[in-house]
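Structure first, commentary second.
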Amino acid sequence: MSVKIGSLEMKNPVTVASGTFGYGPEYADLVDLDRLGAVTVKGISAEPHTGNETPRTFETASGMLNAIGLPGPGAEGFIEKYLPFFEDYRVPLIVNIWGKTVEEYGRVTDILDAPARIDALEVNVSCPNVKEGGALYGTDLDLFQTVVEEVREKTSKPIIVKLAPNVADIKLFALAAEECGADGLSIMNSYPAMAIDIETRKPQLANRTGGLSGPAIKPIAVKLVWEAAQAVNIPIIGMGGIYSTEDALEFIIAGASAVAVGTANFTDPSTAVRILEGIESRLAAKGVAAVDDLTGAVRI
């Protein structure tokens, strides 16, 4: 059941998606964190950030929209307030990072590189570059490469690049991440979307648009995982609408080495552990020796 991403060793292939599991303590009374392959915490920037105005979430058919805006305590605040909590746990810790400029990505990486308890960094590139007129790092290949190179230069920890789904060819970005030194990929981030109140004729979110997650995006995510897996040799963490063991196995067969449970955490915090146990049972029932034997086993 073990998975290795660079020097990050996960004892099983199930983690949680950034932004859906808080910073760890929020779920500790509901989930045995040490059962997970890793805990991935909410996005951290170099400085504290307040996020967007409310309303910031909206339920949709088979999913939800969110425009939380990445609020957080900043890198130093995370180290001071939340990192000590993980000293009582053995589970590997992945910290999601983001910035509005390349320099901010470098600065947050510099700060989070020091603590040994942080095992890996997940690089969120679905952010606007304020110096480039709002162009998204995740959809502009040149900006994308610059960010990955900056983070790679600042740390020897494993870096996992979280790819944006709204690109013409996911393979180009997957390859670029690998060539720039990424140890793994996360596929996918939420999909840009919008909902409107037909009575007020106003957007349901204060931010107007947000990211769509949940079961509605799963077929998109599976396709992107499959496409990226054809292009790279680094591990992929698949995510997007995973609610069941069958969902998780679909991602693994498509080419993912591990999976992350996201929106399902809001409705059933036990989902990740339940899926982990389901994968274990399924492998035993089918006589499959290792989860690696299923990675990329899709028959085309």
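Only residues that are of a type in the set (A, V, I, L, M, F, W, C) and either surrounded by 17 or more Cβ atoms within 10 Å (Cβ to Cβ) or closer than 16 Å to Asp247 by Cβ (or both): list them for segment 267-288, please. Residues satisfying the conditions are Ala272, Val273, Ile275, Leu276, Ile279, Leu283.
Each row is one residue, and each column tells you yes or no for (1) in contact with a strand residue (DSSP E or B) (Cβ under 7 Å, 6 or more places away or on another chain); (2) not β-branched (Val, Ile, Thr).
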residue	(1), (2)
Leu33	yes, yes
Leu36	yes, yes
Val39	yes, no
Pro71	yes, yes
Arg90	no, yes
Val123	yes, no
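Picking from residues in segment 31-83 that are within 28 Å of Thr101 (Cβ to Cβ) and polar (S, T, N, Q), the one that is surrounded by the most Cβ atoms within 10 Å (Cβ to Cβ) is Thr40. Scanning segment 62-88 for residues that are over 20 Å from Ile237 (Cβ atoms) and touching a Gly at 6+ places or on another chain (Cβ under 9 Å) yields a total of 11.
Here Thr146 meets each of (1) of a type in the set (Ser, Thr, Tyr); (2) touching an Asp or Glu at 6+ places or on another chain (Cβ under 6 Å); (3) farther than 30 Å from Pro84 by Cβ with one exception, condition (2). Any residue that is assigned to a strand (DSSP E or B), modelled with pLDDT of 95 or more and touching a Leu at 6+ places or on another chain (Cβ under 7 Å) - is there at least one of those in segment 164-181? There is no residue in segment 164-181 that is assigned to a strand (DSSP E or B), modelled with pLDDT of 95 or more and touching a Leu at 6+ places or on another chain (Cβ under 7 Å).
The values are calculated or read from the model by the stated rules, or taken from the named source; none is laboratory data. Keep in mind it's a predicted model, so treat the numbers as computed, not measured. With ideal geometry, Cβ positions are generated from the backbone for all residues, glycine too; neighbour counts draw on all protein chains shown.
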